[in-house]
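The values are calculated or read from the model by the stated rules, or taken from the named source; none is laboratory data. Just so it is clear, the model here is predicted, and its values are computed rather than measured. Using ideal geometry, Cβ is built from the backbone for each residue, glycine included, and neighbour counts are taken over all protein chains shown. All accessible areas refer to the heavy atoms of the entire protein, side chains included, with ligands and DNA or RNA removed. Shrake-Rupley method; radii C 1.70, N 1.55, O 1.52, S 1.80 Å.
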Amino acid sequence: MPKLRKLEESEMTAKETIKRVVRKPLSQQGPQSIIGDKDPDFHYRFVNDVGSRVYNFQQAGYELVTDDNLVVGDSRVSDASNLGSAHRVVGDGGTVSVLMKIKKEWFEEDQAKKAAHVDEQEKAMKQDASREFTGTLKIS
């Protein structure tokens, strides 16, 4: 039976320098994760490539993301490379989604318009309720 020898100092430091795979939280995993430096002046989202949705988003100011510095999705051998083309991912149901971006100020304008529309609808509901019913109305 061979004798066990003590690890020499050079062998120990070599083993200590080996790094394990970096842990990725669940929020950074999956087909719609984006790794890399996103431009802070843009809002990013995935759009299902169904019918004319991508075209409609382009008409609203969105553009396809072709940045090679971003890595989209988790590392899967079966996924083809997106280098130089729009970033696409395939969902569980086979739906293809495309990564798109819009200027942050345009996105915030759109969100403000949606919020104003919702506020207008809520105001109309409250007015109709106050005319036809007695008592109090509490919406939370």
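Points worth noting:
- Look at the range 86-113: where a residue is touching a residue at least 24 places away in the same chain (Cβ under 8 Å) and under 19 Å from residue 66 (Cα atoms) and a partner is surrounded by fewer than 12 Cβ atoms within 10 Å (Cβ to Cβ) and of a type in the set (Asp, Glu), sitting 6+ places away or on another chain with Cβ atoms under 6 Å, you get 104/41.
- Just one of the listed residues (47, 54, 22) is assigned to a strand (DSSP E or B) and either among the β-branched types (Val, Ile, Thr) or at pLDDT 90 or above (or both), and it is 47.
- Residue 94 at pLDDT below 90, open to solvent by less than 60 Å² (accessible area, probe 1.4 Å) and under 21 Å from residue 38 (Cβ atoms): no
- Residue among 84, 135 that alone is modelled with pLDDT under 90, open to solvent by less than 100 Å² (accessible area, probe 1.4 Å), over 23 Å from residue 62 (Cβ atoms) and part of a loop (DSSP other than H, G, I, E, B): 135
- Members of the range 58-81 found to be of a type outside the set (Ser, Thr, Tyr) and either open to solvent by 90 Å² or more (accessible area, probe 1.4 Å) or modelled with pLDDT of 80 or more (or both), listed by number: 58, 59, 60, 61, 63, 64, 65, 67, 69, 76, 77
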